[in-house]
Amino acid sequence: MSGSTPPAREGAPSEDNRPSPAGLKGRILSGIQPTGNIHLGNYLGAIRNWVGLQKDFECLFCIVDLHAITVWQDPQELTRTTREVAAAMIAAGIDPAANALFVQSHVPAHAQLAWVFNCVARLGWLNRMTQFKDKAGKNRENASAGLYVYPNLMAADILVYKATHVPVGEDQKQHLELARDIAQKFNNDYGVALFPQPEPVIRGPGMRVMSLRDGSKKMSKSDPSDFSRINMTDDAETIAGKVRKATTDPNPLPDSVAGLEGRAEAANLLNIYAALTDQTLEQAVAEQAGQQFSQFKARLTETAVAVLGPINAEMKRLMNDPAEIDRILAKGAAKANSIAAPVLREVYKTVGFLPAV
Ligand code: TYM
């Protein structure tokens, strides 16, 4: 932490935007990028958990288009995939009437707070972010500046709502740690208690869905091979083809979790199967012990189609009415704005910006 801490000026969070309306456990914010193919990893690692959290938390779900353009996006495709992600979330069970489902660029306070956080976060902190290293690759000099400060914007997404809980997959835990550091440093530097420390919510075993082609790489929207992932838009035949071609090894399935050691692809397929059937990995391994991959893959396909089929059909229906999706997103943005704008004003006042008249 840098600098001395001046005496508190603003004190505790103001009443009007304090989280946790009566009966709820807190306020959730989570986000998803509208980049290309929304896949089974997004569903099992994120969206499915969000659906379950709706009854206990006040929820804000954000489609993070500002984050998306940290790497090149075809403009027309970005518009389409933004609606597609909204459709996927609604089809999977997010209730846009009870929660705010919205697009990040529709709520200007995200980008405005991110700028303040660019001035709070330290270069040393950003240098440790593994996602930047992975995404920038060897050609670091040519990565966008936006990709580098990506985690500061993510911190702003969360803290502009004073969110108390953030459901994410394992891969986003480091970014969430950074958001906590930024919140703490801001509070310390300005001597206020403006931001809470957002808690990660990782339900069940940390769900990390890996590529179907390479069990050491996470399933990702940006993998050039479509066979590496099951998309939420894939039909039954496509899912069957991808599972059939999924990389495996020559041995039958083991009878214990310990037997998955060194068998990343088998472990991944069993993990997926366990998540789809709401079992623990131990239960799934016990159920499939000794099976050949051909039999297991047929069972996995059947299960994936049973779970994703109805979601897929509903997504298609929703995508046929883009105006309705846009209306839903506009309502979500209005709700989100009504929470974010006062928090941003509080931040600006704390920082000492001259109020606009
Ligand atoms: P994104 O768009 O990559 O992924 C959205 C959510 O899906 C989870 N996820 C996975 N879970 C398991 N296995 C996988 N293979 C897999 N791939 C993705 C991610 O953990 C995430 O929960 N930086 C974020 C988006 C973001 C955000 C936020 C999240 C922006 N602002 C604020 C939470 C709070 C991202 O790129 O997620």
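Filter region 95-126 down to the residues that are closer than 21 Å to residue 221 by Cα and surrounded by fewer than 24 Cβ atoms within 10 Å (Cβ to Cβ) and list them by number.
Residues satisfying the conditions are 103, 105.
Tell me which of these residue 237 doesn't satisfy, since it passes every other one: (1) buried (at least 18 other Cβ atoms within 10 Å of the Cβ); (2) free of Cβ contacts under 8 Å to residues at least 40 places away in the same chain; (3) outside the structural domain of residue 43 (by TED's automatic domain parsing).
(1)
Table: residues versus (1) under 30 Å from residue 309 (Cα atoms); (2) not acidic (Asp, Glu).
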{"position": "90", "(1), (2)": "yes, yes"}
{"position": "99", "(1), (2)": "yes, yes"}
{"position": "103", "(1), (2)": "yes, yes"}
{"position": "112", "(1), (2)": "no, yes"}
{"position": "116", "(1), (2)": "no, yes"}
{"position": "119", "(1), (2)": "no, yes"}
{"position": "126", "(1), (2)": "no, yes"}
{"position": "134", "(1), (2)": "no, no"}
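Considering each of 290, 332 in turn, give the residue that is outside the structural domain of residue 88 (by TED's automatic domain parsing), closer than 29 Å to residue 209 by Cβ and not aromatic (Phe, Trp, Tyr). Before the answer, list the steps.
Details: 332 fails: outside the structural domain of residue 88 (by TED's automatic domain parsing).
Result: 290 is the single residue among 290, 332 that is outside the structural domain of residue 88 (by TED's automatic domain parsing), closer than 29 Å to residue 209 by Cβ and not aromatic (Phe, Trp, Tyr).
Here is a check on your reading of the model: is residue 282 at pLDDT 95 or above and either touching a strand residue (DSSP E or B) at 6+ places or on another chain (Cβ under 8 Å) or surrounded by fewer than 14 Cβ atoms within 10 Å (Cβ to Cβ) (or both)? First the steps, then the outcome.
On the way: at pLDDT 95 or above: yes; either touching a strand residue (DSSP E or B) at 6+ places or on another chain (Cβ under 8 Å) or surrounded by fewer than 14 Cβ atoms within 10 Å (Cβ to Cβ) (or both): yes.
Yes.
Can you tell me which condition residue 97 does not meet? The list is (1) closer than 22 Å to residue 314 by Cα; (2) under 19 Å from the mean Cα position of the chain (by Cα), and all the others hold.
So residue 97 meets the others, but not (2).
Of all residues in region 125-184, count the ones that are touching a Leu at 6+ places or on another chain (Cβ under 9 Å) and among the acidic types (Asp, Glu).
1
Test residue 179 against the criterion of being of a type in the set (A, V, I, L, M) and farther than 28 Å from residue 69 by Cα, and give yes or no. Break it down into steps so the answer makes sense when it comes.
On the way: of a type in the set (A, V, I, L, M): yes; farther than 28 Å from residue 69 by Cα: no.
For residue 179, the condition - of a type in the set (A, V, I, L, M) and farther than 28 Å from residue 69 by Cα - is not met.
Which residue out of 230, 239 is within 15 Å of the ligand (Cβ to nearest atom) and at pLDDT 95 or above?
230
Give me the residue from region 39-91 that is charged (D, E, K, R) and over 13 Å from the mean Cα position of the chain (by Cα) and, out of that set, nearest to the ligand (Cβ to nearest atom). If you could, list the steps in order and put the result at the bottom.
So in region 39-91, the residues charged (D, E, K, R) come out as 48, 55-56, 58, 65, 74, 77, 80, 83-84.
Among the residues that remain, those that are also over 13 Å from the mean Cα position of the chain (by Cα) are: 55-56, 58, 74, 77, 80, 83-84.
Numbers: 55: 19, 56: 18, 58: 15, 74: 17, 77: 15, 80: 16, 83: 16, 84: 13 Å.
Of everything passing the filter in region 39-91, 84 is nearest to the ligand (Cβ to nearest atom).
Output the residues belonging to region 312-323 that are of a type in the set (D, E, K, R) and surrounded by 15 or more Cβ atoms within 10 Å (Cβ to Cβ). Working first, answer last.
We begin by selecting, within region 312-323, every residue of a type in the set (D, E, K, R); these are 314, 316-317, 321.
Listed by number, the list holds a single entry, 314.
Return the total of residues in region 119-143 being of a type outside the set (Gly, Ala, Ser) and under 22 Å from the mean Cα position of the chain (by Cα). Step through it out loud before you land on a result.
So the first thing to find is which residues in region 119-143 are of a type outside the set (Gly, Ala, Ser), and the list is 119-120, 122-123, 125-135, 138-142.
From the residues that got through so far, the ones that are under 22 Å from the mean Cα position of the chain (by Cα) too are 125-135.
Count: 11.
Looking only at residues in region 174-188 that are closer than 13 Å to residue 129 by Cβ and out of contact with any strand residue (DSSP E or B) (no Cβ under 6 Å at 6 or more places or on another chain), which one is surrounded by the fewest Cβ atoms within 10 Å (Cβ to Cβ)?
Going through region 174-188, the residues closer than 13 Å to residue 129 by Cβ turn out to be 174-179, 181-182.
Now restrict to residues that are out of contact with any strand residue (DSSP E or B) (no Cβ under 6 Å at 6 or more places or on another chain): 174-175, 177-179, 181-182.
Details: 174: 13, 175: 20, 177: 15, 178: 20, 179: 26, 181: 18, 182: 24.
Checking each candidate, the answer is 174.
Across region 139-168, what is the number of residues that are in a helix (DSSP H, G or I) and within 13 Å of the ligand (Cβ to nearest atom)?
Residues of region 139-168 that are in a helix (DSSP H, G or I), as a first pass: 140-142, 145-159.
Next cut, within 13 Å of the ligand (Cβ to nearest atom) only: 146-147, 149-159.
Summing the residues that are in a helix (DSSP H, G or I) and within 13 Å of the ligand (Cβ to nearest atom) in region 139-168 gives 13.
Could you list, ordered by first residue, the pairs with Cβ atoms under 8 Å in which the first is in region 45-59 and in a helix (DSSP H, G or I) and surrounded by 22 or more Cβ atoms within 10 Å (Cβ to Cβ) and the second is of a type in the set (Phe, Trp, Tyr) and at pLDDT 95 or above, at least 6 apart or interchain?
50/61
Restricting attention to region 309-320, does a residue exist that is touching a Lys or Arg at 6+ places or on another chain (Cβ under 6 Å), closer than 30 Å to residue 76 by Cβ and modelled with pLDDT of 95 or more?
no
Inside region 267-288, can you point out the residues that are assigned to a helix (DSSP H, G or I) and acidic (Asp, Glu)?
Initial filter on region 267-288 (assigned to a helix (DSSP H, G or I)): 267-276, 281-288.
282, 287 - these are the residues of region 267-288 that are assigned to a helix (DSSP H, G or I) and acidic (Asp, Glu).
Could you check region 83-118 and list, in sequence order, the residues that are within 18 Å of residue 66 (Cβ to Cβ) and part of a loop (DSSP other than H, G, I, E, B)?
107, 108 - these are the residues of region 83-118 that are within 18 Å of residue 66 (Cβ to Cβ) and part of a loop (DSSP other than H, G, I, E, B).
Is one or more of the residues making up region 29-38 at pLDDT 95 or above and part of a loop (DSSP other than H, G, I, E, B)?
Of all residues in region 29-38, those at pLDDT 95 or above come to 29-34.
Among the residues that remain, those that are also part of a loop (DSSP other than H, G, I, E, B) are: 33-34.
Checked against the condition, which is being at pLDDT 95 or above and part of a loop (DSSP other than H, G, I, E, B), region 29-38 yields at least one hit.
The values are calculated or read from the model by the stated rules, or taken from the named source; none is laboratory data. What you see is a predicted model; the values in this text were computed from it and never measured. Methodologically, a virtual Cβ is constructed for each residue, glycine included, from the backbone with ideal geometry; neighbour enumeration extends over all protein chains shown.
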